[in-house]
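Worksheet: the structure to be examined is printed underneath.
The values are calculated or read from the model by the stated rules, or taken from the named source; none is laboratory data. All values reported here derive from a predicted model rather than from experimental measurement. Positions of Cβ are generated from backbone atoms using ideal geometry, with glycine treated the same way; all protein chains shown enter the neighbour counts. We work out accessible area using only protein heavy atoms, side chains counted, and drop any ligands, DNA or RNA first. Shrake-Rupley method; radii C 1.70, N 1.55, O 1.52, S 1.80 Å.
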Amino acid sequence: MSFMGFTNGLIACHEEPEEVKALLNYLCDGFLGVADKFLYYYKPDYIMFADDIAHERNPFVSLEMFRDIFEPVWRRYITFFKDKGFLAVHHNCGRFESFLDDVVDMGFNAWDPAQTSNDLVAIKKKFGNKLMICGGLESRTFLPHLDVSEEQVRGMVRKLLDDLAPGGGYAFIGGGAMDGSPISAQRWEWVNDEFDKLKDTYYN
C-alpha cells in the first residue's frame, strides 16, 4: 500500500500474489535484521506487531487470501520474537474476528484495540486467557456532536467490565479527546473516573 496506494495494492494481491509474497518476505528480512539489533540494545518487555488489515465492517482481504499471502509472513515474523521469549501484541483495528484463530495459533498474546464491530463477548468466551482483549470501547460515542449523557458513558464502562473483565484476559484502555473538544474531554474524564472506581473489583 505504501508503494502503490491502497486500491492498486489490493489489485496486486489479487493479480500478482507471488510478487506480493516476494516483496513481503524481502521486507520481513530487513525488519528482522533491524529487530535483532533492536532487541540487543533496547531489551523491550514485549513487541507489538501492527498491520491494519480490516475496516469497521470486514477485513480488506478474504480469509483465503490472508492465509495464502499474509499469514506465512506474519508467522515468520512473530516466531522470531516468540522463540526469544517475548510476549507479542497484535495491533489491528476494525472487524478482525474471522482471523483470530490464526492470530492465536501464531502465538500472539494480546489484541489491541479490540473494537466493538467484533463480537467481543463471544471472542472472550472462545479464547479465554489465550488472547488478551485490549480496549472494547466505542470511542466515537464521545464525539461532541452526539447526545450522550454522563450516565450513559459510565454505564458503557460498567457493562464493558462486566462483560470482559471477569476471569482475566482483558485490559481496559482509557483515553482522552483526540478531537481536542471540551465535550469529548469531559466524556473521557467520565470514562477514566468510572474505571478508577471499579478497577479494584476486577483487578487486584
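Summary table
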item: Filter pass, Lys37 being closer than 27 Å to Gly135 by Cα, open to solvent by 70 Å² or more (accessible area, probe 1.4 Å) and out of contact with any Gly (no Cβ under 9 Å at 6 or more places or on another chain); result: no
item: One residue from Pro113, Pro144 being in a strand (DSSP E or B), at pLDDT below 95 and not aromatic (Phe, Trp, Tyr); result: Pro113
item: Members of the stretch 46-103 found to be under 16 Å from the mean Cα position of the chain (by Cα), among the small types (Gly, Ala, Ser) and over 19 Å from Ser2 (Cα atoms), listed by number; result: Ala88, Gly94, Ser98
item: Failed criterion for Gly94 (all others in (1) in a helix (DSSP H, G or I); (2) at pLDDT below 95; (3) surrounded by 15 or more Cβ atoms within 10 Å (Cβ to Cβ); (4) not polar (S, T, N, Q) hold); result: (1)
item: Residue count, the stretch 40-57 (criterion: farther than 16 Å from Val89 by Cα and touching a residue at least 40 places away in the same chain (Cβ under 8 Å)); result: 4
item: Residue in the stretch 12-34 that is among the aromatic types (Phe, Trp, Tyr) and either in a loop (DSSP other than H, G, I, E, B) or open to solvent by less than 100 Å² (accessible area, probe 1.4 Å) (or both) present; result: no
item: Identity of the residue in the stretch 186-204, among the aromatic types (Phe, Trp, Tyr) and surrounded by 15 or more Cβ atoms within 10 Å (Cβ to Cβ), that ends up nearest to Gln152 (Cα to Cα); result: Trp190
